[in-house]
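The values are calculated or read from the model by the stated rules, or taken from the named source; none is laboratory data. No experiment lies behind these values; they were computed from the predicted model shown. Reconstructed Cβ throughout: ideal geometry from the backbone, glycine too, with neighbour counts over all protein chains shown.
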Amino acid sequence: MKRTFGDKYCLALALLICILLAGCGREEIAADTEPPEVVLITPRSNETDLIEQGIDAVPDGDYIYLSWMPSAATDLAGYRLYRMAEDSVDQELIAELDPNTTYYEDRDSLLAPNSGTGLSQGFYYWVTAYDESGNESSLSEEAYYKLIAKPDLTDPVIQENSITFSWSYNQTQLASYFVVRLFEWADGGWNPFWLYKHEEFFPLQVNYDPSLDSGIYRYQVDVVGSTPAELPSGSEKSLQFTIP
């Protein structure tokens with residue numbers, strides 16, 4: 001049977017209505033183009049605060065530690081860390097981290113101080129957050145740190161009612177003062193409980209007068225660099241000891 005133009009028109013109209021009806025009730029999903037909010041870098045503590053936080057040197061090596069606040073993005077995919085040497089104008093991506101990681105320890109050999117001068121170049125760091133759609137936040141505020149030579153620690157001299165901690169430092173022109181901290185190993189971590197600011201360069205030693213209970217301890221000497229507070233520099237070294 002031959003179809004007329006009217007039949008063909010009605011068939012096309014019916015198909016169009018079916019398509020429109022099939023699409024009813026569906027919400028068109030817009031592409032996610034909204035990036036996460038800017039990451040907040042952990043504020044740096046004062047040099048003489050008992051508990052350290054923010055960008056800092058690391059006792060175990062020529063490393064720089066950096067941390068930040070968790071992103072509130074519900075579709076967070078991870079973080080990106082950027083670094084730039086102070087004598088450069090180029091930022092480089094140095095790490096991509098999972099969404100549950102909010103710290104980074106930079107162990108690049110470029111950070112190590114020169115064995116002769118005791119100095120290294122300083123580095124700037126930025127953190128961004130990116131989501132599952134690939135949107136990346138703007139750069140965080142910058143964080144800066146410069147490593148200088150570490151002190152050399154000696155074993156503590158333990159007496160009945162006191163302990164003497166001593167160290168040597170050959171690059172005194174780089175240092176402003178020293179901070180000595182005592183830690184006790186408890187509950188699976190190192191807990192700081194004592195601090196002393198040492199501003200003399202001779203002798204490089206301090207006494208802790210109260211006796212310590214039996215346990216595992218660590219003393220740490222921070223060298224606070226002579227650079228301005230907004231461009232911090234320094235180093236840290238620690239030594240573990242046991243009170244039987």
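Before we move on, is VAL223 touching a helix residue (DSSP H, G or I) at 6+ places or on another chain (Cβ under 8 Å) and touching a residue at least 60 places away in the same chain (Cβ under 8 Å)? Yes; evaluated as a whole, the condition is true for this residue.
Across the range 61-78, the number of residues qualifying as closer than 19 Å to ASP108 by Cα and in contact (Cβ under 8 Å) with a residue 40 or more places away in the chain comes to 6. Going by the structure shown, is LEU110 over 25 Å from THR33 (Cβ atoms), at pLDDT 95 or above and not assigned by TED's automatic domain parsing to the domain that holds SER214? Here the answer is yes, as LEU110 does meet what is asked.
Quick grid of which residues meet (1) assigned to a loop (DSSP other than H, G, I, E, B); (2) hydroxyl-bearing (Ser, Thr, Tyr):
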site	(1), (2)
ARG44	yes, no
THR48	yes, yes
GLN53	yes, no
TYR65	no, yes
ALA73	yes, no
GLY78	no, no
TYR82	no, yes
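Checked against the criterion of being of a type outside the set (D, E, K, R), exposed (fewer than 14 other Cβ atoms within 10 Å of the Cβ), outside the structural domain of MET69 (by TED's automatic domain parsing) and closer than 23 Å to TYR124 by Cβ, the candidates PRO203, PRO232, PRO228 yield just one match: PRO228. Across the range 161-174, the number of residues qualifying as more than 15 Å from GLY234 (Cα to Cα) and outside any strand (DSSP E or B) comes to 2. The sole residue among TYR125, TYR130, TYR144 that is in a strand (DSSP E or B) and within 20 Å of GLU34 (Cβ to Cβ) is TYR130.
Every residue, every condition in (1) in contact with a Gly (Cβ under 9 Å, 6 or more places away or on another chain); (2) of a type outside the set (Asp, Glu), yes or no:
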{"residue": "TYR79", "(1), (2)": "no, yes"}
{"residue": "TYR82", "(1), (2)": "no, yes"}
{"residue": "GLU92", "(1), (2)": "no, no"}
{"residue": "ARG107", "(1), (2)": "yes, yes"}
{"residue": "GLU160", "(1), (2)": "no, no"}
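Cβ-Cβ contacts under 7 Å between residues 6 or more apart (or on different chains), taken from a first residue in the range 149-162 that is within 21 Å of ASN114 (Cβ to Cβ) and among the basic types (Lys, Arg) to a second residue that is at pLDDT 95 or above and part of a loop (DSSP other than H, G, I, E, B), are absent. Among the residues of the range 91-100, the ones that are assigned to a loop (DSSP other than H, G, I, E, B) and either loosely packed, with under 13 Cβ neighbours inside 10 Å or within 10 Å of the chain's Cα centre (by Cα) (or both) come to 2 in all. Report yes if some residue within the range 175-195 is surrounded by 15 or more Cβ atoms within 10 Å (Cβ to Cβ), touching a Gly at 6+ places or on another chain (Cβ under 8 Å), of a type in the set (A, V, I, L, M) and outside any strand (DSSP E or B); otherwise report no. No.
Each row is one residue, and each column tells you yes or no for (1) of a type in the set (Lys, Arg); (2) in contact with a Phe, Trp or Tyr (Cβ under 7 Å, 6 or more places away or on another chain); (3) closer than 30 Å to ALA72 by Cβ.
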residue	(1), (2), (3)
ASP131	no, no, yes
GLU136	no, yes, yes
GLU160	no, no, no
SER166	no, no, no
VAL180	no, yes, no
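Only a single criterion out of (1) among the hydrophobic types (A, V, I, L, M, F, W, C); (2) more than 28 Å from the chain's Cα centre (by Cα); (3) in a strand (DSSP E or B) is not satisfied by PHE202, namely (3).
For the range 206-225, a tally of residues being among the acidic types (Asp, Glu) and surrounded by fewer than 18 Cβ atoms within 10 Å (Cβ to Cβ) returns 2.
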